[in-house]
Every structure is written in C-alpha cells, then in structure tokens.
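> Just dropping this structure here.
The values are calculated or read from the model by the stated rules, or taken from the named source; none is laboratory data. In this text, all values refer to a predicted model and were calculated from it rather than measured experimentally. FYI the Cβ positions are ideal-geometry reconstructions off the backbone, even for glycines, and counts take in every protein chain you see. Just the protein is used for accessible areas: all its heavy atoms, side chains included, with ligands, DNA and RNA removed. Shrake-Rupley method; radii C 1.70, N 1.55, O 1.52, S 1.80 Å.
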Amino acid sequence: MTNKICLVATYRELADLARELKQELNLPIDVLEGSLEEGARQALKAEKAGAKVIISRGGTASMIRRYVKIPVVEIRVTGYDVFRSIYPAVGPGRVIGILGYQSAVFGCRPAAEILGISVHEIILEMSGKTDWDHVRTQVRHLIDKYSVNTFVGDTSVMTHLDFPEIDVRLIMSSRESILPAVEDAINLLRVQEEEQKATQRFQAILDFVHDGVLATDEEGNITLLNPVAEKIFHVEQSEVLGQSITKVLKDTRIHEVLKSGRGEIGQLQKVPEGHILTNRIPINVDGVVKGVVATFQEVTQIQDAERTIRQNLYGKGLVTKYTFDHILAIDPKMKKLVEVARGYSLTGATVLIQGESGTGKELFAQSIHAHSPRAHGPFVAVNCAALPPQLLESELFGYVEGAFTGAKKGGKIGLFELAHNGTIFLDEIGDMEKGLQARLLRVLEERRVMRLGSDALIPVNIRVIAATNIDLRKQVSMGHFRNDLYYRLNVLNLPMISLRDRRDDIPLLALHFFKRFSNEHGKGIRDFPGEITSLFGEYSWPGNVRELKNIIERIVLSAERGKIDLQTVRLMVDELRSVCNDQAGSAGDGELLSGTFQDIKRKIIRRVLKEEGWNKSRTARRLGIDRMTVDRFGEEIEPK
C-alpha cells in the first residue's frame, strides 16, 4: 500500500474510472478489484498492508464491514446513476425487476415510477449468507408470472443471474458518485490522524505521569491502567483489562463510587508496599454514572516531593560540608574514634555525641550522615540552646495557620519534616526544656510528628544524631533530663576527645589551619615556625579545636610582609593564659573554668545570681539567656 485509503471496485469499469480520477486529480487512493466475498478479502489484505479507510459500494461495502476493523466509506448510488441504468429500458412491453442489496437499489423504484415503468423488487439481506438458489427461484417466479424481461441492480445481478432470455443492467457509479466518497474518506482519515495524535498524547501522559491511573466502565470493568498503577498493584494491563475491579483489586472502593455517584478525595488505601493516597471520581454523562477514574500516589513519593519543595522554598542548603576525610588525626585514640563513627554511620540507629565545646561534634555528625545510606537526603542541624523553648518547638514541629498569634499565613513546615529521608542533628540537646523532651521522645518512638495547632500525624523517616557538652547522666539524676529520652538517644555513644588529651594532633591541626588561612587572606606566608607549636603544647586549650583555629587565624592576620613575628605569638598565648586565669580566679572558688561546660555555666550563673541578689530576671537579662535556663540552674544553687 502506498496510500492509506483503498477503493475496492466491484466491477472492472468502476476500477478503471477510479484509476482515471486518481491520475487526473492526484487522489491519495489505491484501487483494488473484487465483489462481495472477493472484495472483502481484498479489503482485509489492504488493512494488513496499512490501509486506514476502505471505499466500496453496495453489498460489497456491507460485507467488508464484517471483515475489517477500519472504517468503510460507501459509494452512494445517486439518482443520476439509477436513471442512467433504467432509462434505456423504457419502452412498450418492458417490465423491470430490481435485484440487489438495499444500499445499492434503494432509488430504483422511485425512478421507475417517475418514468411510468412497472417494477418488481427482490431485496437481498446482509445478515447471514445469501441463499442464491432461493434468489434464482424468486427471479424465475417474476419472469414466469409478471413477464419481467429486464433486471436492474448491483453486482449481484451480474455475478449470480444466468437467464439468457432477460436483459441484465448493472447500476454503474459515475465520477460524481466516486468523488464525494473519496472526499469523505480523506476527511475521515484526517479525523483519524487527529484522534490518533490526541490518543498518543493522552497515552504519553498516562505512561509518564507520576500518579497511578485506573478507569472502569459503568459495570466496574477495568478499561484503563497505566504503568504506575501496574507497578503499585503488581498487575499487567493486558491481563486485567475487561475484568471486574472487585475481582482484580481489593479495597479500592470503586464499586462504592459507582453506586453512590459521589467522589472520594485524598483517601488512604493499603497496598502490598504500604499505603497510597487515592482519589476516586465518577464519570457522569447526563447525570448517569458511566464509570470511575481513580488516581493513586505512593505516600513515599508525596513525602519526597514535599521534601524537595521544602528545600527549594526554604533555601536551607540542607547538605553536609564535611566528611570523615576532613577529620585530621594521628593520635591513636582519635583515629579509633573515627573508625567507630564510620561503623555507626552504616546503621540507622540514633547517635549521642558527648564532648566539650569546640571538639568537633557537628563535624562528626555531618561525617556520619555523609557516609550513611541517607547521604543523598537532607542534613538538618538545629541548636537547641540558641532558641527559646516556644520558638524551638515551632521550628522543630512546625505549625498550621492560626495556631497562635503571629503564626504565618499557610503555616510552617517543621525541621523534622524537612529532614524526611535524611538526618536531623540536635545540637546542645541537654538544654532542651522538659516539655519539648516529651514531644521529642514521642517522635523517636513513633516516627511521626504533629504540627502545632493540628491533630494530623505526619510520618517521617529520619535519623537522629544528638550532641551535648553536658553530662546527661548527671542531668538525669538531678531530674533535669528525662531518663527515657536519655536511653532513647544513647543507643550509640560517641565520646569526643578534648584537644588537651590529643596533643600529638596539635601540630597537624595548627599547620592545616595555617595553610588554610594564609591562602584565604592572601598573606603568602611560606613558613610556620616550629616554636609556635611548642608554645601551643604548653597551653590547656579549654576551647579545644575551635580555640586553636581562632588563634591561628589571628596569627596569620597579624603577619607582615609574609613573616610571622614570634614575639607577637607569645603575647597572644600569654593573653589566652591570662584570660583563662582571670576567669578561673574570679569564680570565687578558683575553678570557674574547670569541669565540663555545664559546670562552668552553672558557676557563672551562680556568680551573677549572687551579684544580682538572686533576682533571676535581672540575671537572665545580664547574661543574655532566657529565664527558663536560669530557673533550671537556679533550683540547684539558690540558697534555702
């Protein structure tokens, strides 16, 4: 086939005329010959070769429709065609018989009556196979009884009548009959192509949309199932099309929507892999339910999409900067700690990092996340001591619109939700007030959060890493930290090592920071005097690596003409010692800076409380901390 339209001519003259018109008018058709069964075989052959529309006439066109699945356009017999065939039969003693299928001879009787000719009809039925012996008997009856001497009709007259005594005339189609049929076929082909494009676009949408889509007819039989739905329900479209939805899939409630005619939006449905969010919408035609369309979204996909939106909207840059490769150490204890942390990273268990300020707790937390299976998920860090309890609660859990005075329109997503499929790092966890500790415990136990002002639980897939410079065991014994939360957090414990306990690492770290800041500040310093590391070795470094980093930056910034002045460095180290000694001496008991950071905080608050006459409000304002922190420590130290 060179064209998508095929004309099956039922007789030779029609084929010749069609070929002439094709050449003359450049018609996009192919021409084949065949009448009735042979014509149907030719049409079926053309369909297999790629034809999209068939043109034929009379009984042959009707028969072709029974064999092919593509549209069939019929060449209509016009009044002109009928008159051309009947008019030559007009004359004295002429009695005309009409034989053929209804579509070909329907205009013969009116034409004969206009011409004043007596006619007798034999109309053939398309249903079933024609009994030609019976037809010939009918013809003989008309000849004998009514003296019919001329028969007019379609190709059946020519192929099945063998009566020498009668005149047989075929109703032949003119070019005026053929051209409208060709035009109809071209228009039909154009509509087909447009529908095919629309279908292909629709199918592309169904195939690549992220939602599962399923449709049924009014009987509840499946009419459509896209690839995502196949994956969700573990079925193949080819196996379930036409089957009842209740037999193929359980708990879809589609049959209920068919009965009620009411849609169901945002319903949770259980499937083998977990839960999906389902929408079921009835298809109403003139107030009658003709089927249902259902869409399905996997809950995990919704959460992933929400997480991406959250990150884009809030612009947090929720990624880690550091890995285990950034942890510099030659000290055996520190190297062992790194290996332990590497092992922890491969699990999903909660990690509690304990150590003094400046020892690199967040560095380890980021490294654990970056080395974990969640590395491609978000890393959300929050300092629990930096925010007042009420603000911290809204940050962690989020809130809905109208939850409290000043709440943002539309509400706010909490950090736990933001950390979905990733890690949340809760720094300074020991400073969290007990009400929030209870809510955190529930999140750790249930892996679900509830926004402030809402009653809906939102599932989250998170790993928690907590850090503190406080002795949490002591806080538990004093009643300031929940015992159950402590054990929930302390699944895997990572005790950080202070810089004074890993002095072999001081030269390595000092040189690293020296090169870094020399490049950053464009100082171009080539040499880092060894005497500096000797001076550093004599200092206790209460601020640990953070303090070392800060003094190295000061040293680099103080250099002139690419050289470091050792005298200036000695003065800086002496200043550090002096400040440390002054703070220790002013503590009243000579040990202000001894012990953990929590101990130091307690001593400073005690000193300021005494100076402020035990007025907690003034103490909080003076120290720049919230009243609740003073309350917590004040219970321990306030005189009775």
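> Which one of the conditions (1) of a type outside the set (S, T, N, Q); (2) at pLDDT below 80; (3) surrounded by fewer than 16 Cβ atoms within 10 Å (Cβ to Cβ) does I96 fail to meet, given that it meets all the rest?
The number of the failed condition is (3).
> Assess whether R41 counts as being outside any helix (DSSP H, G or I), under 27 Å from K129 (Cβ atoms) and either of a type in the set (F, W, Y) or open to solvent by 50 Å² or more (accessible area, probe 1.4 Å) (or both). Before you say what the answer is, go through the steps one by one.
Values: outside any helix (DSSP H, G or I): no; under 27 Å from K129 (Cβ atoms): yes; either of a type in the set (F, W, Y) or open to solvent by 50 Å² or more (accessible area, probe 1.4 Å) (or both): yes.
For R41, the condition - outside any helix (DSSP H, G or I), under 27 Å from K129 (Cβ atoms) and either of a type in the set (F, W, Y) or open to solvent by 50 Å² or more (accessible area, probe 1.4 Å) (or both) - is not met.
> If R65 meets every condition in (1) closer than 24 Å to T130 by Cα; (2) of a type in the set (K, R); (3) surrounded by fewer than 16 Cβ atoms within 10 Å (Cβ to Cβ) apart from one, which number is that one?
All conditions are met except number (3).
> If you go through the stretch 242-251, how many residues are assigned to a helix (DSSP H, G or I), of a type in the set (D, E, K, R) and within 18 Å of I281 (Cα to Cα)?
Of the residues in that region, 0 qualify.
> Being at pLDDT below 75 and surrounded by fewer than 17 Cβ atoms within 10 Å (Cβ to Cβ) narrows it down to one of E298, E273, so name that one. I'd like the intermediate steps shown before the answer.
Details: E298 fails: surrounded by fewer than 17 Cβ atoms within 10 Å (Cβ to Cβ).
Answer to the selection: E273.
> I need the full set of residues from the stretch 506-565 which are within 55 Å of the chain's Cα centre (by Cα) and of a type in the set (K, R), in order please.
The answer is K515, R516, K523, R526, R546, K549, R554.
> Could you please find all residues in the stretch 538-565 being part of a helix (DSSP H, G or I) and open to solvent by 40 Å² or more (accessible area, probe 1.4 Å)?
Answer for the stretch 538-565, where residues must be part of a helix (DSSP H, G or I) and open to solvent by 40 Å² or more (accessible area, probe 1.4 Å): R546, K549, N550, E553, R554, L557, S558.
> May I pose another question? May I ask you to list the residues in the stretch 252-270 that are closer than 30 Å to L457 by Cβ and either in contact with a His (Cβ under 6 Å, 6 or more places away or on another chain) or in a loop (DSSP other than H, G, I, E, B) (or both)?
Those that are closer than 30 Å to L457 by Cβ and either in contact with a His (Cβ under 6 Å, 6 or more places away or on another chain) or in a loop (DSSP other than H, G, I, E, B) (or both): T252, R253, R262, G263, L268.
> Write out, first by first residue and then by second, each pair whose Cβ atoms fall under 6 Å of each other, whose residues are 6+ apart or on separate chains, and whose first residue, in the stretch 228-252, is over 13 Å from V213 (Cβ atoms) while the second is part of a strand (DSSP E or B).
These pairs meet every condition: V240/I222; L241/I222; G242/N221; Q243/I222; S244/N221; I245/T216; I245/I222.
> Right, here's the next one. What is the number of the single condition among (1) at positive phi; (2) open to solvent by less than 20 Å² (accessible area, probe 1.4 Å) that G287 does not meet?
(2)
> Being outside any helix (DSSP H, G or I), acidic (D, E) and surrounded by fewer than 19 Cβ atoms within 10 Å (Cβ to Cβ), is that true of even one residue in the stretch 5-28?
no
> Do any residues in the stretch 556-575 that are over 15 Å from S518 (Cβ atoms) and among the aliphatic types (A, V, I, L, M) have Cβ atoms under 9 Å from those of residues that are open to solvent by 40 Å² or more (accessible area, probe 1.4 Å) and assigned to a loop (DSSP other than H, G, I, E, B), where the two are at least six apart or on different chains, and which pairs are they?
Partner pairs satisfying both residue conditions: V573/E538.
> Looking at (1) open to solvent by less than 30 Å² (accessible area, probe 1.4 Å); (2) modelled with pLDDT of 70 or more; (3) under 24 Å from A385 (Cα atoms), which one does Q598 not meet, given that it meets all the others?
Tallying (1) open to solvent by less than 30 Å² (accessible area, probe 1.4 Å); (2) modelled with pLDDT of 70 or more; (3) under 24 Å from A385 (Cα atoms), Q598 fails exactly one: (2).
> Scan the stretch 182-239 for residues that are closer than 30 Å to A18 by Cβ and among the polar types (S, T, N, Q) and report the count. Lay out the reasoning, then the answer.
Of the stretch 182-239, the ones closer than 30 Å to A18 by Cβ are 182-197.
With the extra rule that they be among the polar types (S, T, N, Q), the set shrinks to 187, 192, 196.
Of the residues in that region, 3 qualify.
> Let me ask something additional. Out of L396, L363, report the one residue that is farther than 19 Å from T323 by Cβ and in contact (Cβ under 8 Å) with a residue 24 or more places away in the chain.
Only one candidate passes the filter, namely L396.
> If you don't mind, another one. Is at least one residue of the stretch 173-182 surrounded by 12 or more Cβ atoms within 10 Å (Cβ to Cβ), assigned to a helix (DSSP H, G or I) and in contact with a Pro (Cβ under 8 Å, 6 or more places away or on another chain)? It would help to see each step written out before you state the result.
Within the stretch 173-182, the first condition is being surrounded by 12 or more Cβ atoms within 10 Å (Cβ to Cβ), and the residues that meet it are 173-175, 177-182.
Going one step further and asking which of them are assigned to a helix (DSSP H, G or I), we end up with 175, 177-182.
Right, trim to in contact with a Pro (Cβ under 8 Å, 6 or more places away or on another chain) and you get none.
For the stretch 173-182, residues surrounded by 12 or more Cβ atoms within 10 Å (Cβ to Cβ), assigned to a helix (DSSP H, G or I) and in contact with a Pro (Cβ under 8 Å, 6 or more places away or on another chain): absent.
> Filter the stretch 455-504 down to residues that are more than 41 Å from the chain's Cα centre (by Cα), open to solvent by less than 40 Å² (accessible area, probe 1.4 Å) and free of Cβ contacts under 8 Å to residues at least 60 places away in the same chain, then give me how many there are.
As a first pass, look at the stretch 455-504 and keep what is more than 41 Å from the chain's Cα centre (by Cα): 469-481, 483, 495-504.
Filter again for open to solvent by less than 40 Å² (accessible area, probe 1.4 Å), leaving 469-470, 472, 475-476, 479-481, 496-499, 502.
Keeping just the survivors that are free of Cβ contacts under 8 Å to residues at least 60 places away in the same chain gives 476, 479, 481.
Total meeting the criteria: 3.
> Shifting gears a bit: Given the condition farther than 20 Å from L328 by Cβ and assigned to a helix (DSSP H, G or I), answer yes or no: does some residue in the stretch 514-532 qualify?
Yes.
> Then there is this: Search the stretch 202-241 for residues being small (G, A, S) and either open to solvent by 40 Å² or more (accessible area, probe 1.4 Å) or in a helix (DSSP H, G or I) (or both), and hand back the single one that is nearest to H275 (Cα to Cα).
Taking the stretch 202-241 as the starting set, the residues that turn out to be small (G, A, S) are 204, 212, 215, 220, 229, 238.
Now narrow it down to the ones that are either open to solvent by 40 Å² or more (accessible area, probe 1.4 Å) or in a helix (DSSP H, G or I) (or both): 204, 229, 238.
Working: A204: 26, A229: 13, S238: 25 Å.
It comes out as A229.
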